[in-house]
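First comes the structure, then the notes that go with it.
The values are calculated or read from the model by the stated rules, or taken from the named source; none is laboratory data. From a predicted model like this one, the values you see are computed outputs, not experimental measurements. Cβ placement follows ideal geometry from the backbone for every residue including glycine, while neighbour counts extend to all protein chains displayed. Remember, those area values only see protein heavy atoms, side chains included, never the ligands or the DNA or RNA. Shrake-Rupley method; radii C 1.70, N 1.55, O 1.52, S 1.80 Å.
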Amino acid sequence: MCGIVGAVADDNVVGVLLEGLQRLEYRGYDSAGVAVIGGDGKFARSRAIGKVSALESALERTSLTGRTGLAHTRWATHGGVTEYNAHPHICQDRVAVVCNGIVENHDALRREQQSMGYQFTSETDTEVVVHQIHYYLDRGDDLLQAVQRTARCLEGAYALGVMSVAEPGRLVATRNGPPLLVGDTGNEAYIASDASALIRVTRQYRALENGDVADLRQGQVAIYDAAGVPVERVLYTSQLSAGAVELGPYRHFMFKEIFEQPLAIADTLEDRISTDALQEESFGARAPEIFDRTEHVQIIACGTSYHAGCVAKYWLESRGVACDVEVASEFRYRRHVVPANSLAVTISQSGETADTLAALEAATALGYRHSLTICNVPESSIVRASDLAFMTHAGPEVGVASTKAFTTQLTALLLLGIGLGRRRGLEPEQESMLVKELRSLPAKIEQALKLDSTIADIAEQFADKQHALFLGRGAHFPIALEGALKLKEISYIHAEAYPAGELKHGPLALVDASMPVVAVAPNDQLLEKLKSNIQEVRARGGKLLVFADHDAGFESGDGIRVIDVAPVDNCIAPIIYTIPLQLLAYHVAVIKGTDVDKPRNLAKSVTVE
């Protein structure tokens, strides 16, 4: 959520800042702003409500120029969506701040600062930060010292970018929770919330650790840890291409990313499997040793990643590996009985999800023996904090509603099931069969994507609907959950998912001709049970949309529309059946005219609790 871009350069930085914000739009926001130190040595600032395009229009009406600047996209927490709450915030025309995150002790700081005569012009928690830095500058600190001292006063999770008119050509940044990267080209320096914002100017960057403070000037970047000791951080080279975060011929990023899934899964499998076996070391050099010890798996994740974990529970326990799955935001707020030799598995697209990071920390403190993360960002906090890491190679995912991140996570979890299953009697012949099915995934997803035009036509039936019910059984119940989540995220239709066998325990009361019921119907051992559940819906006048295996024996008729999905093996069926549900959500959202890639109130990366 929110996005930071900052620059110290030898030319006007406004264009770089604006482009950086555009590349961070996927994170979720409701206002944007930019401030620079102008040639007259004073701050110039522009802020706008709504999209970055509104800020761009505002900037076209001004002559904002400067060689040192900060820009920000805000997602409202403290204070409404107003221009005066938008960042950057400025104190007494001397110091400017942008902030991602939440300052939890802002009330106490605000009262203290008001008693000292500071005037507040916003409702935000961030304004206490800019006042506190000003306070220390007034007492003789330079900008670095003032930020270091201020950081020691703050409680919560935050990332800051700071500049002062007293020291033009200098930025100071610090991080405690939300990610913050530092880029350096030799004669220019930059900060950003993620690497996509830096592509235009540099591919090389360093990721700040919690507590780090970075001091940026032209041709000079110094990083200090929380104790003020100079440190070196790993230099990364981004593999992103400019085209990877551009739409190309697609109407929306989500649609583009749905169609990128065959390649994303192929990339995720590359070098992880041989002709007929898993390469365990793809989880990390210590994977064989840790897998040998593992007797229980605790999966911790949020949102879509949680649904991936729920599918994995079926896969792991079918291989004899005990598994529990819990929402990360709940995990650390209850007492736990930790099974012996338990492996904590976190799943996160960004690797910066605050609840998941906190849950991993809690799991370590509770005595979980080892940790593994499945993540898409190699330099992320969760990767650094885990014993093992499996990197999904989904590439950048701009659409807020996750698609290729989810299916690559499922692919990784199926590989984990093979690795741990080896210790529970998985025979080489069985492993070879599973690997063969994994190799077939890209082609079978391509086949599922051919349903696009058919699903686009069907989506018209949802144009006037306010509610929908999704049904699945076994490992496809979490897929139904994911389908319902996608529909509600981007089309704003209220959607719920249930195990189909639960219909008579409440949901059947909702069924009528005005609420579509979407069923996931692979040809598995629960098929006949699912058919009975579907008949219960038909008998009550419900309108059914069934995604069914071609050989499952379903036929379209009065009150039921069947979409044939090519037959696939049960081990990969949950991944395949995800595809038509993504397409359905996408086309319904397009018909309803919502903002598909940036749905209201949602952020891509939830970096505060």
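A few remarks follow.
- Counting only strands (runs of 3 or more DSSP E) that sit wholly inside segment 63-105, those with at least 2 residues that are in contact with a Cys (Cβ under 8 Å, 6 or more places away or on another chain) are 68-74, 95-103.
- Within segment 122-146, if we keep just the residues that are among the charged types (D, E, K, R) and closer than 22 Å to Gly169 by Cβ, the residue that is most open to solvent (accessible area, probe 1.4 Å) turns out to be Asp138.
- Residue within segment 333-341 that is within 15 Å of Leu372 (Cα to Cα), buried (at least 22 other Cβ atoms within 10 Å of the Cβ) and not aromatic (Phe, Trp, Tyr) present: no
- Verdict on Asp597 being among the acidic types (Asp, Glu), buried (at least 16 other Cβ atoms within 10 Å of the Cβ) and farther than 27 Å from Val327 by Cα: no
- Candidate set from segment 350-369 (those that are surrounded by 22 or more Cβ atoms within 10 Å (Cβ to Cβ), under 23 Å from Val234 (Cβ atoms) and modelled with pLDDT of 90 or more); member that is farthest from the chain's Cα centre (by Cα): Leu360
- Top-ranked residue of segment 96-121 - restricted to ones that are within 26 Å of Gly66 (Cβ to Cβ) and open to solvent by 10 Å² or more (accessible area, probe 1.4 Å), ranked as nearest to the chain's Cα centre (by Cα): Gly101
- Enumeration of residues in segment 461-495 that are hydrophobic (A, V, I, L, M, F, W, C) and either free of Cβ contacts under 8 Å to residues at least 12 places away in the same chain or open to solvent by less than 10 Å² (accessible area, probe 1.4 Å) (or both): Phe462, Ala468, Leu469, Phe470, Leu471, Ile479, Ala480, Ala484, Leu487, Ile490, Ile493, Ala495
- Tally of residues being more than 16 Å from Phe259 (Cα to Cα), open to solvent by 60 Å² or more (accessible area, probe 1.4 Å) and part of a helix (DSSP H, G or I) across segment 424-454: 7
- Any pair with Cβ under 7 angstrom, 6 or more apart, that starts in segment 168-185 at a residue that is within 21 Å of Thr65 (Cα to Cα) and ends at one that is open to solvent by 20 Å² or more (accessible area, probe 1.4 Å) and among the small types (Gly, Ala, Ser): Pro168/Gly41
- The condition of being free of Cβ contacts under 8 Å to residues at least 40 places away in the same chain and among the acidic types (Asp, Glu) holds for only one of Asp512, Asp597, that being Asp512.
- Just one of the listed residues (Leu24, Leu55) is under 19 Å from Arg175 (Cβ atoms) and buried (at least 18 other Cβ atoms within 10 Å of the Cβ), and it is Leu24.
- Residue match in segment 175-192 (condition: touching a helix residue (DSSP H, G or I) at 6+ places or on another chain (Cβ under 6 Å), surrounded by 18 or more Cβ atoms within 10 Å (Cβ to Cβ) and in a loop (DSSP other than H, G, I, E, B)): no
- The set of residues in segment 147-167 that are free of Cβ contacts under 8 Å to residues at least 40 places away in the same chain and either surrounded by 21 or more Cβ atoms within 10 Å (Cβ to Cβ) or touching a Phe, Trp or Tyr at 6+ places or on another chain (Cβ under 6 Å) (or both) comprises Arg149, Thr150.
The rows are residues; the columns are (1) in contact with a Leu (Cβ under 9 Å, 6 or more places away or on another chain); (2) among the basic types (Lys, Arg).
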| site | (1), (2) |
| --- | --- |
| Asp10 | no, no |
| Gly15 | no, no |
| Glu19 | no, no |
| Gln22 | no, no |
| Glu25 | no, no |
| Val34 | yes, no |
| Gly38 | yes, no |
| Arg45 | yes, yes |
| Gly50 | no, no |
